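Student: A single structure is presented below for examination.
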């Protein structure tokens, strides 16, 4: 599924599983290494950005990042290549450990400043660590929020703020068939 077809898929849900390529955190190595490959393959995807990391180059929730974070130029390059941006919180805190006030700060309007929805009807959000909040979070109704494989696989229109994602580890490609097969078998429209 291309990121620009998300709204259409919600209006007319597919009768079979779809996949959407996503990247979390906004590291420069994604733009440097993955972007050329994705472009060659004609694949666009969603990049979930941490707003504090874009602003300062640092992230409280990731004290030792594996690579530098994207800056505004890197973000512009992604969007110019047809990729969509979503929010990944303000500081990458674990949502299952936060109280209501902290959750509100992590998902305030500034968190979505770099989501660049380009007129899309839906905002996109990915929970840091895929961890759903215990309670107290109220995302805007037009927000699609992505979690991890710990949530049930359901159609997006039935659980728009708890969309399941399956992590495919780049260092263990042999595990991908098993992971995706499990997801397909557990999909429940």
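The values are calculated or read from the model by the stated rules, or taken from the named source; none is laboratory data. All of these numbers come straight from a predicted model, not from anything done at the bench. So basically every Cβ, Gly included, is an ideal-geometry build from the backbone, and we count neighbours across all protein chains shown.
One line per residue, one yes/no per condition, for (1) surrounded by 15 or more Cβ atoms within 10 Å (Cβ to Cβ); (2) more than 15 Å from the chain's Cα centre (by Cα); (3) on the phi < 0 side of the Ramachandran plot:
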site	(1), (2), (3)
2	yes, no, yes
9	yes, yes, yes
12	no, yes, yes
22	yes, no, yes
26	yes, no, no
30	yes, no, yes
45	yes, no, yes
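Student: Now for a different question. Go through the stretch 13-24 and report how many residues are modelled with pLDDT of 90 or more and out of contact with any strand residue (DSSP E or B) (no Cβ under 7 Å at 6 or more places or on another chain).
Tutor: Of the residues in the stretch 13-24, 0 are modelled with pLDDT of 90 or more and out of contact with any strand residue (DSSP E or B) (no Cβ under 7 Å at 6 or more places or on another chain).
Student: Please enumerate the residues belonging to the stretch 85-102 that are part of a loop (DSSP other than H, G, I, E, B) and in contact with a helix residue (DSSP H, G or I) (Cβ under 9 Å, 6 or more places away or on another chain).
Tutor: 88, 89, 90, 91, 92, 93, 94, 98 - these are the residues of the stretch 85-102 that are part of a loop (DSSP other than H, G, I, E, B) and in contact with a helix residue (DSSP H, G or I) (Cβ under 9 Å, 6 or more places away or on another chain).
Student: Of all residues in the stretch 55-84 being without any contact (Cβ under 8 Å) to a residue 12 or more places away in the chain and not in a loop (DSSP other than H, G, I, E, B), which is surrounded by the most Cβ atoms within 10 Å (Cβ to Cβ)?
Tutor: Going through the stretch 55-84, the residues without any contact (Cβ under 8 Å) to a residue 12 or more places away in the chain turn out to be 55-56, 58, 63-64, 73, 76, 80.
Now restrict to residues that are not in a loop (DSSP other than H, G, I, E, B): 55-56, 73, 76, 80.
On the way: 55: 16, 56: 10, 73: 9, 76: 12, 80: 8.
Restricting to residues being without any contact (Cβ under 8 Å) to a residue 12 or more places away in the chain and not in a loop (DSSP other than H, G, I, E, B), the top hit is 55.
Student: Oh, and also: Can you name the residue in the stretch 139-159 that is closer than 17 Å to residue 3 by Cα and in contact (Cβ under 8 Å) with a residue 24 or more places away in the chain and, of all such residues, is surrounded by the fewest Cβ atoms within 10 Å (Cβ to Cβ)?
Tutor: Selected residue: 157.
Student: Find the residue count for the stretch 41-54, including only residues that are in a loop (DSSP other than H, G, I, E, B) and in contact with a helix residue (DSSP H, G or I) (Cβ under 6 Å, 6 or more places away or on another chain).
Tutor: Just the residues of the stretch 41-54 that are in a loop (DSSP other than H, G, I, E, B), to begin with: 42-45, 50.
Within this subset, residues satisfying the condition of being in contact with a helix residue (DSSP H, G or I) (Cβ under 6 Å, 6 or more places away or on another chain) are 44.
So the count comes out to 1.
Student: Of the residues 144, 137, 132, which is assigned to a loop (DSSP other than H, G, I, E, B), in contact with a helix residue (DSSP H, G or I) (Cβ under 9 Å, 6 or more places away or on another chain) and modelled with pLDDT of 80 or more?
Tutor: 132
Student: If you don't mind, another one. What number of residues in the stretch 151-169 are over 20 Å from residue 9 (Cα atoms) and at pLDDT below 75?
Tutor: 0
Student: Among the residues of the stretch 32-43, is there at least one that is within 13 Å of residue 124 (Cβ to Cβ) and touching a residue at least 40 places away in the same chain (Cβ under 8 Å)?
Tutor: No, the stretch 32-43 contains no residue that is within 13 Å of residue 124 (Cβ to Cβ) and touching a residue at least 40 places away in the same chain (Cβ under 8 Å).
Student: Can you say whether residue 52 is surrounded by fewer than 23 Cβ atoms within 10 Å (Cβ to Cβ), farther than 15 Å from residue 3 by Cα and without any contact (Cβ under 8 Å) to a residue 24 or more places away in the chain, as far as the supplied structure shows? So that I can check it myself, show each step before the final result.
Tutor: On the way: surrounded by fewer than 23 Cβ atoms within 10 Å (Cβ to Cβ): yes; farther than 15 Å from residue 3 by Cα: yes; without any contact (Cβ under 8 Å) to a residue 24 or more places away in the chain: no.
Against the criterion (surrounded by fewer than 23 Cβ atoms within 10 Å (Cβ to Cβ), farther than 15 Å from residue 3 by Cα and without any contact (Cβ under 8 Å) to a residue 24 or more places away in the chain), residue 52 does not qualify.
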